[in-house]
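Structure first, commentary second.
The values are calculated or read from the model by the stated rules, or taken from the named source; none is laboratory data. No experiment lies behind these values; they were computed from the predicted model shown. Using ideal geometry, Cβ is built from the backbone for each residue, glycine included, and neighbour counts are taken over all protein chains shown. With ligands, DNA and RNA removed, areas are computed over all heavy atoms of the protein, side chains included. Shrake-Rupley method; radii C 1.70, N 1.55, O 1.52, S 1.80 Å.
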Amino acid sequence: MASQYKVLYITRYNKEFILNKPDNFAYYIKSIMNSDLIDVHLLNPLSLPRKNSIQALITLVKVIKNINPDILYLDNLQGLNKLVVLKRIGILKCKIVAWKYTYCKEYSNTIKNWCTKFFYWKGIDKIYMMFDNHTHHALTHNIVKVHQITTLSRGAEIEWYQKYLKPQKDNFLVMATGKDSRDYQTLSEACEQTRTNCHIITRRHESNIKVAEKFKNSQYIKFTFMEDLHIDNEYEYIMQQQGQASILAIPCEKRKYGVGYTNVVEALPYHIPILMTHNPDIHIDLEKEGIGYLIEPYDVKTWKEKIIYLKQHPEIVAEMGKHAKKLTEKEYNAQTTASYIVNDFIQITK
């Protein structure tokens, strides 16, 4: 069957790299490539010649126009906002579909606010929000129309993670793998005081380095900084290590937007409980779904209570694992998410 719709996905990854990762890693473009209805083109803006930012944008626009896609698919608007503006003034003719992690911003400056609300946002044909609160805010503040936006669950490609699953855990291990806006001080204190083994895999952000230094002599807390490993397959390493975890911890700094969602998605295939800092902008309610607990920011006491409780009740750990498995079988799987996106592509190009 001949390809019907041409989709241009802007990414810094090549096809081989994407195909070796789970579908959720590159926002389901792997599944979209397999659709008979979609002709996918990949474009890495960093590979284009550039002398300055203006020339880089001109070159990027020329390449996009040469490819002439029906849909420009963006997994992040950051740095690519100018493409939306160029579409609004008629230089780009394609539809734009984009993922967004934060609230649609509003400004105190009346002119600036008008430009974004009634000019800029109208240039995006579909926005996939990570969190219901962000979608609700955009709609109630009349920033976008209903047909432009939805909260889309990021299902994981369950089969890809199977090779890393270790059903029997010899030792109770808490693992944390996030890097941004993380509160590893609170987690480390809780694990130290409960004498619980904890492996934190992260990057050398200033706050993370300080906590690692503080607990460098601990027999329970282990920090691994990815920069120190010098390996090519970083994602695979992290997911392999995660297979050894009894529970996944997502301790976050207090933020005015959702954080840690990617870690939740990547924990579901392991069928383990999740302990996470509570944030009103979360997409999955861990407690409602029976897959973990939400803990208020910087609450060492409750972290300790939940860790001890799960250590002492393996039957609860197993029950939460079953609930996580059910979630992946229903909504939180890559096939469901990718099918939704492909259907959207078809609908907005009609």
Looking at (1) closer than 29 Å to Val97 by Cβ; (2) touching a His at 6+ places or on another chain (Cβ under 9 Å); (3) modelled with pLDDT of 95 or more, find the lone condition where Met320 falls short.
(1)
Within region 218-256, the count of residues that are under 18 Å from Asn20 (Cα atoms) and of a type in the set (Asp, Glu) comes to 3
Would it be correct to say that Glu329 is acidic (Asp, Glu), under 30 Å from Asp36 (Cα atoms) and surrounded by 19 or more Cβ atoms within 10 Å (Cβ to Cβ)?
no
For residues that are among the β-branched types (Val, Ile, Thr) and open to solvent by less than 30 Å² (accessible area, probe 1.4 Å), scanning just region 96-122, find the one that is nearest to the chain's Cα centre (by Cα).
Val97
Which ones in region 305-328 are part of a helix (DSSP H, G or I) and without any contact (Cβ under 8 Å) to a residue 24 or more places away in the chain?
Glu305, Tyr309, Gln312, Pro314, Glu315, Ala318, Lys326
In region 70-94, residues that are more than 23 Å from the chain's Cα centre (by Cα) and assigned to a strand (DSSP E or B) total 0
Considering residues of region 1-55 that are small (Gly, Ala, Ser) and more than 17 Å from Asn76 (Cα to Cα) only, the residue nearest to the chain's Cα centre (by Cα)
Ser31
Please find, within region 123-169, the residue that is farthest from the chain's Cα centre (by Cα) out of those that are basic (Lys, Arg) and surrounded by fewer than 16 Cβ atoms within 10 Å (Cβ to Cβ).
Lys169
Kindly indicate whether any position in region 50-71 is in contact with a strand residue (DSSP E or B) (Cβ under 8 Å, 6 or more places away or on another chain), open to solvent by less than 30 Å² (accessible area, probe 1.4 Å), hydrophobic (A, V, I, L, M, F, W, C) and within 28 Å of Phe131 (Cβ to Cβ).
yes
What number of residues within region 220-243 are open to solvent by 10 Å² or more (accessible area, probe 1.4 Å), part of a helix (DSSP H, G or I) and without any contact (Cβ under 8 Å) to a residue 60 or more places away in the chain?
5
Taking the residues in region 264-307 that are polar (S, T, N, Q) and at pLDDT 95 or above as candidates, determine which candidate is surrounded by the fewest Cβ atoms within 10 Å (Cβ to Cβ).
Thr302
Just give me the residues in region 308-326 being closer than 15 Å to Ala245 by Cα, exposed (fewer than 15 other Cβ atoms within 10 Å of the Cβ) and among the hydrophobic types (A, V, I, L, M, F, W, C), in sequence order.
Ala318
Specify which of the listed residues (Lys210, Lys256) is closer than 27 Å to Leu152 by Cα and either open to solvent by 20 Å² or more (accessible area, probe 1.4 Å) or free of Cβ contacts under 8 Å to residues at least 24 places away in the same chain (or both).
Lys256
Residue by residue through region 193-215, note down the ones that are farther than 21 Å from Tyr309 by Cβ, of a type in the set (Lys, Arg) and assigned to a loop (DSSP other than H, G, I, E, B).
Arg203, Arg204
Could you tell me which residue of region 6-28 is most open to solvent (accessible area, probe 1.4 Å), considering only residues that are touching a residue at least 60 places away in the same chain (Cβ under 8 Å) and not in a loop (DSSP other than H, G, I, E, B)?
Lys6
Modelled with pLDDT of 95 or more and either closer than 17 Å to Ile346 by Cβ or not in a loop (DSSP other than H, G, I, E, B) (or both): which single residue out of Leu57, Leu42 fits that description?
Leu42
